[in-house]
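Remarks on the structure that follows.
The values are calculated or read from the model by the stated rules, or taken from the named source; none is laboratory data. A quick note: this is a predicted structure, and the numbers were derived from the prediction, not measured. FYI the Cβ positions are ideal-geometry reconstructions off the backbone, even for glycines, and counts take in every protein chain you see.
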């Protein structure tokens, strides 16, 4: 328990240092960027948190240090999830599958382009496409075995990261950013729905026994990171 608290404190200090150092660097070397960064403080801070946590957990996975925690958490979830809800979690997982996400993204991007919302269309399209590319790359490079603690449905590819979770996190986060730009008053509602969807997908992958908890955590970090960075890049891009 104390080791976990120590790691959390260490990660928090790293994020705080990076946030402070970035502010000093921009004010010193790139003063014109300072006002832009000041207006995007929350986005920058959240991005740094996602980077630091994602790297730390990924390092534990690659070094095979997350095994005991992964097994303990997965067994706890499996023991607490009522078998009667298996069908529900399978339906939740389906909502994050390629056969649902792909047409949904195409429809969203086309609708935004017709509405002349080019920024939002590019944001959502680029977030999902880049997320898909990262999934394929990491699965090929890491090659982590899927959990085998109990019988589970077979899925393509290695376990790390959770593709369903990463893609849904990328789509949900980019959609929230788009909604906040188009309908600011609906931003909080969109964020709530997005959070519920992402968390539900992640839990469903663990309940069904096809992903380790660290697969899901890193997937959320990457999936949220991509739209945040892409949105900042698009906003700073010369028009």
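Kindly evaluate residue 196 against the criterion of being without any contact (Cβ under 8 Å) to a residue 24 or more places away in the chain, closer than 19 Å to residue 92 by Cβ, surrounded by fewer than 23 Cβ atoms within 10 Å (Cβ to Cβ) and within 18 Å of the chain's Cα centre (by Cα). Yes; evaluated as a whole, the condition is true for this residue.
Could you pull out the residue among 66, 95, 102 that is at pLDDT 90 or above, surrounded by 13 or more Cβ atoms within 10 Å (Cβ to Cβ), over 15 Å from the mean Cα position of the chain (by Cα) and closer than 19 Å to residue 203 by Cβ? Let's see the steps before the verdict.
Values: 66 fails: at pLDDT 90 or above; 102 fails: closer than 19 Å to residue 203 by Cβ.
Checking each option against the conditions leaves just 95.
Filtering region 27-63 to residues that are loosely packed, with under 14 Cβ neighbours inside 10 Å, over 15 Å from residue 222 (Cα atoms) and modelled with pLDDT of 80 or more leaves 41, 42, 62, 63.
For the condition loosely packed, with under 15 Cβ neighbours inside 10 Å, touching a residue at least 24 places away in the same chain (Cβ under 8 Å) and over 18 Å from residue 166 (Cα atoms), what is the one hit in 24, 71, 114, 15?
Within the list 24, 71, 114, 15, the selection yields 71.
Of everything in region 59-68 that's part of a loop (DSSP other than H, G, I, E, B) and free of Cβ contacts under 8 Å to residues at least 24 places away in the same chain, which residue is farthest from residue 208 (Cα to Cα)? I'd like the intermediate steps shown before the answer.
Residues of region 59-68 that are part of a loop (DSSP other than H, G, I, E, B), as a first pass: 63-66.
Narrowing the set further to residues that are free of Cβ contacts under 8 Å to residues at least 24 places away in the same chain leaves 63-65.
Values: 63: 25, 64: 22, 65: 23 Å.
Checked region 59-68; the qualifying residue farthest from residue 208 (Cα to Cα) is 63.
Condition test on residue 86, is it loosely packed, with under 14 Cβ neighbours inside 10 Å and in contact with a helix residue (DSSP H, G or I) (Cβ under 9 Å, 6 or more places away or on another chain)? Step through it out loud before you land on a result.
Details: loosely packed, with under 14 Cβ neighbours inside 10 Å: yes; in contact with a helix residue (DSSP H, G or I) (Cβ under 9 Å, 6 or more places away or on another chain): yes.
Against the criterion (loosely packed, with under 14 Cβ neighbours inside 10 Å and in contact with a helix residue (DSSP H, G or I) (Cβ under 9 Å, 6 or more places away or on another chain)), residue 86 qualifies.
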